[in-house]
Amino acid sequence: MKKKYLLLIAVAAMIAVAVVGGTLASGYVESGNVLEEISEKALGISIMSGSTKSGSGSANAGIDVVPGGTTQLDYRIQNDQKNGYNLYAKVDLYFGWSSDSLVADQERNGYVSLQLANHTLPLVSSYDRQTKVGDWIVAYCDREQATLYYTRPLSYGDSAAFLDSISFSNAMGNSYAGAQFLLDMDVTAVQANNSEEAIEAEWGVYPHFDNGTLISVSETR
């Protein structure tokens, strides 16, 4: 009798595994449908600097270091796809120096200040400590990179500034003379409709909304 009961339990376990496997497969297919929907139309996102358009979702700049000086940048994103999706946008910034000898000495928070909406981008150690600057969520920012999420959906023609200017401290030594501060920028976008599923699928984070405004993002549910 025990063998019979054990056999029945084993069969039940196999059925349970099959049900779980079927559920996961169904979820995977659903994610695939979301991805197909995302690629159905072109998401028109570009980086602008003044009146100059990058023509793509990435740009880079070499900024001459002037101790005690401020350089106006006026970098912003723009939804430039006519008859396309309204979209949410994410910007990744990467910082560096033109001279390898400066890399080990860089102290971005002390020597370099990146300004957005009249505020210096703060150091943010993790998504759990994210903060808001203007209409952007600063989810992460250290001496080498930053990740920003725009909180509002952008319609065709809408733009949003993500980097206004850069300032260099008077405390910078002679080793910085003639150097350039290197800045790489990447912007990605997801459609505003089905935005929660799209953000999870494309950016790998979990968004939280309040009446269409993105109020936070998290790396775990």
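Computed quantities for the displayed model
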read-out	value
Probe 1.4 Å, accessible area per residue of the stretch 162-221, Å²	48
Computed over the stretch 37-193, the ratio Rg/Rh where both radii use C-alpha atoms and Rh is Kirkwood	1.00
Which of TYR156, PHE168, LEU114, positive extreme of dipole for the stretch 74-171 (C-beta unit charges)	TYR156
Protein accessible area in the stretch 130-205, 1.4 Å probe - carbon and sulfur %	37
Calculated diffusion of the stretch 114-221, Stokes-Einstein form, Kirkwood radius summed over Cα pairs, 4 °C and 1.567 mPa s, µm²/s	83
Lys/Arg +1, Asp/Glu -1 at C-beta; the stretch 176-221 dipole; positive extreme among VAL187, ALA201, ALA177	ALA177
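The values are calculated or read from the model by the stated rules, or taken from the named source; none is laboratory data. Please read these numbers as outputs of a predicted model, since none were measured by experiment. Reconstructed Cβ throughout: ideal geometry from the backbone, glycine too, with neighbour counts over all protein chains shown. We work out accessible area using only protein heavy atoms, side chains counted, and drop any ligands, DNA or RNA first. Shrake-Rupley method; radii C 1.70, N 1.55, O 1.52, S 1.80 Å.
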